[in-house]
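Right, one structure below, let's go through it.
The values are calculated or read from the model by the stated rules, or taken from the named source; none is laboratory data. Source: prediction; values computed, not measured. Cβ placement follows ideal geometry from the backbone for every residue including glycine, while neighbour counts extend to all protein chains displayed.
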Amino acid sequence: MKYINFNNAGSSKPYDVVNKEINSFLEIEKHYGGYYAALKYKKKLNSFYSNLSKLINCKINEISFLSSTTLAWNLFFNSLKIDKDNNILIFENEYGSNLIYYKKNRHNLKIVKINEDGKVCFDDLKNKINKHTKAVSLCHIASQCGNRIEVEKIFNFIKKLFPEVICILDACQSIGQIRVDVKKINCDVLVASGRKYLRGPRGTGFIYVKNKIRDKIQPLILDMKNSAIIRDKIRINKSNIFENFECSPSLQLGFSKAVEKVNKFGIEKIESNIYKKSKYFRKKFENCNQIKFFENVDTLTGINTLKIKGINSLKIYNYLLSKRILCSITTSSASLLYFKKLKVKDLIRISFHEYNSYNEINYLVKCLIDLIKKKAII
Ligand SMILES: Cc1ncc(COP(=O)(O)O)c(C=O)c1O
C-alpha cells in the first residue's frame, strides 16, 4: 500500500512530467556537459518565465528563479534601503523565519492584529500604518493556519492611503492552490516556492518584483549575470534582477513543467477542488466534539489544523503514520506570534491537494475516528 500524502503544505507530490523533465535533462547534461546542455535547452528554459508570468499575470523580466521562498524574501529585504525612522508592517500570521530576520535587523516592527475570525483587523491596520511605513509584508495563507487572507482588499486599502509603501506578498502556500494575480491584488513583490501547491521539485522558488519599484532596490548579490562593469561603473540589469550565474537548469525545467500543468488544468478548477475536499473532511466531524479545527470555514483553503481532546499531536502523527498517512505537526517555529496568541504548543496539520482522492480522505476520517475511540489504550 502506498503512503497518502496529506502534507501538501510541506511538500506535495511532484507531477510525473516534472520528474521526467528533470531526469531527461540530467541525461542531456551527461551527454554534453552542463553549459552546452543549457544552451541547447535555452528556449525551454525561457518557457519558465512565460509559464509563470501567465500564472501570476506579470512580465517575464519581473521574475527571478531562486531556490526557496526564504531565500527570495531575504534577498529582497536585504536589498531594500530601510532607514532608522522607517517601520515595517506585518500581521499576526507572519512566517517564523521572517520573524528571525526582523529580530536580527532590529527593524521598527508594527504587528497588525488578526481577529478571532481569521480576518485582518482594518482598524488596527489604519492605526499602525503611517508615512514612515516602508514596507508591508503579508502572508496570504499561513503555514500554520489555512485561513485565506483578503490580500486584494488589504493592499488596495494600503495603496490608497500610502501609494509609496512597498507591498510584499508571501504566496508560499497560496500559489498553485488559489488564483494569485499580482495586478489584481496590487502587490509590488511576491515570493513563493515550487514544491508545495505548484507540485514542482524541491529546491525551487521565485520572486516577482514589479518593474515600477525596480529603482528602489539594490540587489544584495551582484555578479556577471545580473550586472556588469561598464566604464568603471557597476550597471545592474533591468531583468530577472535577483538571479546570479549559477543555478540548476534541470530544476528550473521541472518547475516550469509544473507551472505549465497548473496553467493547462486551470487554477480555478484546482482551487474549487481543494476547497471542496477540506469542506468534505470537516463535515465528517461536524457532530464530533472531540476534534477542534482552527480555521474559519468562510475563508477555508486546503490547509486544516486541528487538535483532538486528550491526545497529543505527536501521538496523532505517529498513529496516522502507522496507517501510512502523512500529515505534519505545526509548532511555534512556524509562527511564534500565532502560537503565542492561540496559547497552544502545536497543532496537527492536514493539507489536501487536488490529486488526493475522496477515498483517501474517507480512510483518513476512519483512522481519526478509530483513534478517538481507542484513545484510552494508546
Ligand atoms: C507561509 C510560508 N512562508 C514561507 C515559507 C518558507 O518557504 P521555504 O521553506 O521554501 O523557504 C513557508 C514554508 O513552509 C511557508 O509556509
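In region 354-378, of all residues being part of a loop (DSSP other than H, G, I, E, B) and modelled with pLDDT of 95 or more, the one that is nearest to CYS139 (Cα to Cα) corresponds to GLU354.
Of all the numbered requirements in (1) more than 13 Å from the ligand (Cβ to nearest atom); (2) of a type in the set (Phe, Trp, Tyr); (3) more than 22 Å from ASN46 (Cβ to Cβ), PHE242 misses one, and that requirement is (3). Name the residues in region 157-213 that are in a loop (DSSP other than H, G, I, E, B) and small (Gly, Ala, Ser), would you? Matches in region 157-213: ALA171, SER174, GLY176, GLY194, GLY200, GLY203. Hey, does region 337-353 have a residue that's over 26 Å from LEU99 (Cβ atoms), of a type outside the set (A, V, I, L, M, F, W, C) and either in contact (Cβ under 8 Å) with a residue 60 or more places away in the chain or assigned to a helix (DSSP H, G or I) (or both)? Yes, region 337-353 has at least one match. Taking region 1-114 as the region of interest, the helices (runs of 4 or more DSSP H) fully inside it that hold 1 or more residues being touching a strand residue (DSSP E or B) at 6+ places or on another chain (Cβ under 6 Å) and within 22 Å of LEU222 (Cβ to Cβ) are 42-56, 69-77. Taking the listed residues VAL112, VAL136, the one that is buried (at least 17 other Cβ atoms within 10 Å of the Cβ), touching a residue at least 40 places away in the same chain (Cβ under 8 Å) and away from the ligand (no atom under 15 Å from the Cβ) is VAL136, with no other qualifying. Taken over region 72-98, the criterion of being surrounded by fewer than 18 Cβ atoms within 10 Å (Cβ to Cβ) and among the hydrophobic types (A, V, I, L, M, F, W, C) is satisfied by ILE82 alone. Go through the residues of region 6-13 one by one and say whether even a single one is loosely packed, with under 14 Cβ neighbours inside 10 Å and modelled with pLDDT of 95 or more. No, every residue in region 6-13 fails to be loosely packed, with under 14 Cβ neighbours inside 10 Å and modelled with pLDDT of 95 or more. Those strands (runs of 3 or more DSSP E) of region 217-314 in which 3 or more residues are surrounded by 21 or more Cβ atoms within 10 Å (Cβ to Cβ) occupy 303-308.
Among all residues of region 88-107, there is none that is more than 20 Å from SER332 (Cα to Cα), in the same structural domain as LEU190 (by TED's automatic domain parsing), under 17 Å from the mean Cα position of the chain (by Cα) and at pLDDT 95 or above.
On the stretch given as region 257-289, residues that are of a type in the set (S, T, N, Q) and at pLDDT 95 or above total 4. Got at least one residue in region 212-234 being within 16 Å of the ligand (Cβ to nearest atom), touching a Pro at 6+ places or on another chain (Cβ under 9 Å) and not hydroxyl-bearing (Ser, Thr, Tyr)? The answer is no; no qualifying residue exists. Only one of the listed residues (ASP117, ASP124) is farther than 26 Å from LEU71 by Cα, surrounded by 15 or more Cβ atoms within 10 Å (Cβ to Cβ) and either outside the structural domain of CYS167 (by TED's automatic domain parsing) or away from the ligand (no atom under 16 Å from the Cβ) (or both). That residue is ASP124.
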